Amino acid sequence: MGIRLSNISKSYKKVKAVQNISFNVQPGELFGLIGPDGAGKTTIFRILTTLLFPDEGSASVAGFDVVRDYKAIRKSVGYMPGRFSLYQDLTVEENLTFFATIFGTTIEENYDLIEDIYVQIEPFKDRRAGKLSGGMKQKLALSCALIHKPKVLFLDEPTTGVDPVSRKEFWEMLKRLQKKEITILVSTPYMDEAALCDRIALIQDGEILEIDAPEAIVKKFPKTIYNVGANNMYKLIQTLQNYEHLYSVFPFGEFVHYTDKRDSIETADLKLYLENEGLTDISIGVTQPNIEDVFMELAK
Amino acid sequence: MKTIGFIIQKEFKQIFRNKGMLPIIFILPILQLVILSNAATYEVKNIKFAYIDYDHTSSSRALVEKFNASTFFNVLTDFPSQEIASSAMLSGEVDVVLEMPTNFERNLLKEKTAELSITINAIDGAAAGVTSGYVNQIVQSFNKDVRMSIIDTSKKIVQPVTIESIPSFWYNTTLDYKTFMVPGILVLLVTMITLFLSGMNIVREKEIGTLEQINVTPIRKSQFIIGKLFPFWIIGMGLLTIGLILAKIIFNTPMLGSLLLLYGYTSIYILVILGMGLLISNFTDTQQQAMFIAWFFVVIFILMSGLFTPIESMPKWAQIVTEFNPIKYFVEVVRMVLLKGSDITNILPQLLKTLLYALIMNGLAVWSYKKVS
């Protein structure tokens, strides 16, 4: 059960979208596909939701093969594409009823599953879907994807273009759904959301860089990360890039994340170097690596 | 079955909520029928007529008077010479120039024969042909008058035997072009609207992304297609009804045959058009592409349907091509049933071909519709 991919490859003409992808998602797990745009996340979703045949390899969803048993898969998965794809000219309620009907069920039958989400948009049930705000559209899309009580839920970049509050709410909803024994595969380009998944796969250019629990992935980070701050951010990055012991430097909020080639360094040396280069208000401190650091490291 | 019913319900809701769609479906066809039926006439009127009279006799004046009396010709002017007449024709001031040579009357009386020269502007070939027909009619009637007057003055002359044909126009006794055109325009209207609407419909779902969502559901291909196309079948039949009512009220088009038969045939014909629409949908990604392809076929089909130009006068290869034109069969059937009162045995060949066409089109369309890419 859950999701299983082994050696999946798919090309569009000459462009290799995904290459040799293998991973398993346990039943009831919240699994994240983390990667930048164009990494191949949507292709994986389209293969798993039987919209696309893989060129090579095999995959199964909820115990059904994506090529042989595609009909069974369609009955037991919910899919929320990255782009809002409900009928904009139908009302909230009509959309939900429509999807319930084509899955051979009714809103009442599975109301308990969507209740948490649907109550928030119920006051607007007579409004046309096209006239909803971004966050509400998303809740409606999620309700429609859940209305037939799927075993596996596929969410392709559900939080792209959504405000931070709605994003947070959305992840809380996913956590609650997970408790109802729904396996969830979610993709996102936001590294901060990765930490909310049980396990994640970091993916770039159609290849998987790393699969593990977010904490474990972070622990594997080989270097010590220093949070460096100064009065002039731009100059700070430039100065660090010219530093002889530099391993990597990335801007991170109001600081930069700096790693050194040497295993251990004296922060005073670094501070001195920066001061000599004319920077002031320098602060240097050790910080915990996060998913973004790992991704930047792996993607190097 | 419940699923199909629900999709149909959803489609109708969407059609009636689309503010731009309603006028397209109901107002445009009415305008089309009223405007085209009045404008698409084969009659040529107000022909700009001029003459060069070198003869200046009572006979030549009588001939000009004949043209003047005709409602088809506007006698504009007389030109003193051929050159001036030619330049007037070139600048588009006149369409027909009649030249009566010197001794026109004398030759007519003495030698019983005379020659006239007629120049017709044939930049519009069809109009020129009709004009030539009118001119001939007038000259012939003049001929008859002259002959009578000759007989009157000299009884000795043996009257030549003349054969006169009096045509009787069956199924359209007064040769009213509207009787002929209105059923044809009706075809155009049913075809265009249903093809465009059905062709753009599934593509629209592709464009807005809902098709992807639908394809992940367990809905069957056949359920979805029937549910999507059935509303347009209804709309097509509705259009036929509106068209027939307007034809009766405004143009008093004769409806001799069984309307039930016409509806029966149309119900099959619309399946062909819907199948085509679906096929176009399957091979296009945007409504724009679908629209252009639908236009391409509609224009070719209409021009080769016998609606405006008779198929019999097309070259052989074009006539063979028209065999594959469903609009041709519909035009034939509508005209046969309405004007001639044909029954099912008369339209059986068209009916069978249309049925075959419907099966092939829909078969291809369903086969090429894929939920998986």
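Could you let me know the centre-to-centre spacing of the range B:4-43 and the range B:72-141, using Cα atoms, in angstrom?
Their Cα centres are 47 Å away from one another.
Over what distance in Å are the Cα centres of the range A:264-300 and the range A:206-252 separated?
8 Å
Taking every DSSP beta bridge with both residues inside the protein assembly as shown, roughly what % is antiparallel (nearest 5)?
Rounded to the nearest five, the antiparallel share is 60 percent.
Could you derive backbone 3J(HN,Hα) for the range B:122-128 from the dihedral phi with the Karplus parameters 6.51, -1.76 and 1.60 (θ = phi - 60°), listing whole Hz in sequence and x where the residue is Gly or Pro?
After applying 6.51 cos²θ - 1.76 cosθ + 1.60, I find 10, 5, 9, x, 5, 5, 4 Hz.
How large is the charge dipole for chain B, taken about the Cα centre, if only the Cβ atoms of Lys, Arg (+1) and Asp, Glu (-1) carry charge, to the nearest 20 debye?
It comes to approximately 1840 debye.
Name the most mobile residue of B:Glu99, B:Glu111, B:Glu11, meaning the one with the largest mean-square fluctuation, in a Gaussian network model of chain B with Cα contacts below 10 Å.
Result for chain B, Cα springs under 10 Å: B:Glu111 fluctuates most.
Among B:Gly341, B:Ala114, B:Ile226, which residue has its Cα positioned farthest towards the positive end of the charge dipole of chain B, with +1 placed on the Cβ of Lys and Arg, -1 on the Cβ of Asp and Glu, and the dipole taken about the Cα centre?
Of the candidates, B:Ile226 comes out farthest on the positive side.
Among DSSP bridges having both ends in the range A:3-219, what percentage is antiparallel? Round to the nearest 5.
55 percent
Return the FRET efficiency for the residue pair B:Ile35, B:Arg147: r is the Cβ-Cβ distance, R0 is 41 Å, and the value is rounded to the nearest 0.05.
0.35
Per the helix-only calculation at 222 nm, which mean residue ellipticity applies to the protein assembly as shown, given -39500 (n - 2.57) for every DSSP H run of n ≥ 4 and division by its residues, nearest 500 deg cm²/dmol?
So the helix-based figure for the protein assembly as shown works out to -16500 deg cm²/dmol.
For chain B, modelled as a Gaussian network with Cα springs under 10 Å, which listed residue fluctuates most, B:Thr173, B:Thr322, B:Thr286?
In the Gaussian network model the winner is B:Thr173.
Please give the charge dipole size of the range B:47-153, origin at the Cα centre, charges +1 on K and R Cβ atoms and -1 on D and E Cβ atoms. Round to the nearest 20 debye.
340 debye
Across the range B:47-153, how many lysine pairs, 8 or more apart or on two chains, come within less than 18 Å at their alpha-carbon atoms?
Lysine pairs, 8 or more places apart or on different chains, close enough: 4.
For chain B, take the longest principal axis of its alpha carbons; what is the angle in degrees between that and the long axis of helix B:259-282, to the nearest 10 within 0 to 90?
Here the helix axis deviates by roughly 70 degrees.
Towards the positive end of the charge dipole of the protein assembly as shown, with charges on Cβ (+1 Lys, Arg; -1 Asp, Glu), say which of B:Thr71, A:Ile225, B:Leu352 has the farthest Cα.
B:Leu352
Put +1 on the Cβ of each Lys and Arg and -1 on the Cβ of each Asp and Glu in the protein assembly as shown; which of B:Asn252, B:Val366, B:Ser91 then has its Cα farthest toward the positive end of the dipole?
The listed residue farthest towards the positive side: B:Asn252.
Relative to the first principal axis of the alpha-carbon coordinates of chain A, what is the inclination of helix A:267-276, with its axis defined by its Cα atoms, in degrees from 0 to 90 and to the nearest 10?
70 degrees
Each label point is 7 Å from the Cα along the Cα-to-Cβ direction; what then is the distance between the points at B:Ile250 and A:Val286, in nm?
8.8 nm
Taking a cut-off of 25 Å, what percent of all Cα-Cα pairs in the range B:119-272 are separated by more than that?
So the pairs more than 25 Å apart make up 61 percent of the total in the range B:119-272.
Taking the Cβ-Cβ separation of A:Glu122 and A:Lys180 as r and a Förster radius of 25 Å, what is the calculated FRET efficiency to the nearest 0.05?
For A:Glu122 and A:Lys180, the calculated efficiency is 0.80.
Provide a whole-number value for the mean count of partner chain Cβ atoms within 10 Å of the Cβ atoms in peptide B:212-224.
Mean number of neighbouring Cβ atoms from other chains: 6.
Please sort by residue number the GluC sites (Glu not before Pro) in the range B:262-346 whose DSSP state is loop and whose Cβ has at most 13 other Cβ atoms within 10 Å.
B:Glu323
Grab the beta carbon distance between A:Ser58 and B:Thr173, set R0 = 60 Å, and tell me the FRET efficiency rounded to 0.05.
0.20
Where does the charge balance sit around B:Gln319 when Lys and Arg score +1, Asp and Glu -1, over other residues with C-beta under 14 Å from its C-beta?
-1
In chain B, what percentage of the DSSP-assigned beta bridges are antiparallel, given to the nearest 5?
Roughly 30 percent of the DSSP beta bridges within chain B come out antiparallel.
Please report, for the Cα atoms of chain B, the Rg to one decimal and the Dmax as a whole number; what are they, in angstrom?
In order Rg, Dmax, the Cα atoms of chain B give 28.4, 98 Å.
Step through the table entries A:Lys10/A:Lys300; A:Lys137/A:Lys180; A:Lys14/A:Lys151, compare each Cα-Cα distance with 30 Å, and write down the pairs that go over it.
A:Lys14/A:Lys151
I'd like the distance between the alpha-carbon centres of the range B:328-373 and the range B:189-203, rounded to an integer number of Å.
Each part reduced to its Cα centre gives a spacing of 16 Å.
Give the angle, between 0 and 90 degrees and rounded to the nearest 10, that separates the Cα long axis of helix A:92-102 from the longest principal axis of the Cα atoms of chain A.
70 degrees
What is the local net charge at A:Ala230, summed over the other residues whose Cβ is closer than 12 Å to its Cβ (Lys, Arg +1; Asp, Glu -1)?
Summing Lys/Arg as +1 and Asp/Glu as -1 gives -2.
Kirkwood Rh over alpha-carbon pairs of the protein assembly as shown, then Stokes-Einstein at 4 °C and 1.567 mPa s: what D in µm² s⁻¹, rounded to an integer?
For these conditions, the coefficient is 40 µm²/s.
With springs connecting C-alpha atoms under 10 Å apart, model chain B as a Gaussian network and identify which of B:Val64, B:Val190, B:Val334 has the largest mean-square fluctuation.
B:Val64
To the nearest whole number, what is the average tally of beta carbon atoms from other chains within 10 Å of the beta carbons of peptide A:74-86?
4
Using the Kirkwood formula on the Cα atoms of chain A, what hydrodynamic radius do you get, in angstrom to one decimal?
In chain A this quantity evaluates to 21.2 Å.
Evaluate the distance, in nm, between pseudo-label points positioned 7 Å from the Cα of B:Lys110 and of B:Ile24 along their respective Cα→Cβ axes.
Roughly 7.4 nm, to one decimal.
Using 7 Å Cα-to-Cβ label points, what is the B:Leu76/A:Gln204 separation (nm, one decimal)?
Taking the simple label geometry, B:Leu76 and A:Gln204 are separated by 8.1 nm.
Is there a quick way to get the dipole size of the protein assembly as shown? I mean about its Cα centre, with the Cβ of Lys and Arg at +1 and of Asp and Glu at -1; what is the value in debye to the nearest 20?
Using only the charged Cβ atoms, the result is roughly 2240 debye.
Any read-out appearing in this document is the output of simple, stated calculations on the displayed coordinates, not a laboratory observation. These numbers come from a predicted model, not from an experiment. Positions of Cβ are backbone-derived with ideal geometry, glycine not excepted, and every protein chain shown enters the neighbour counts.
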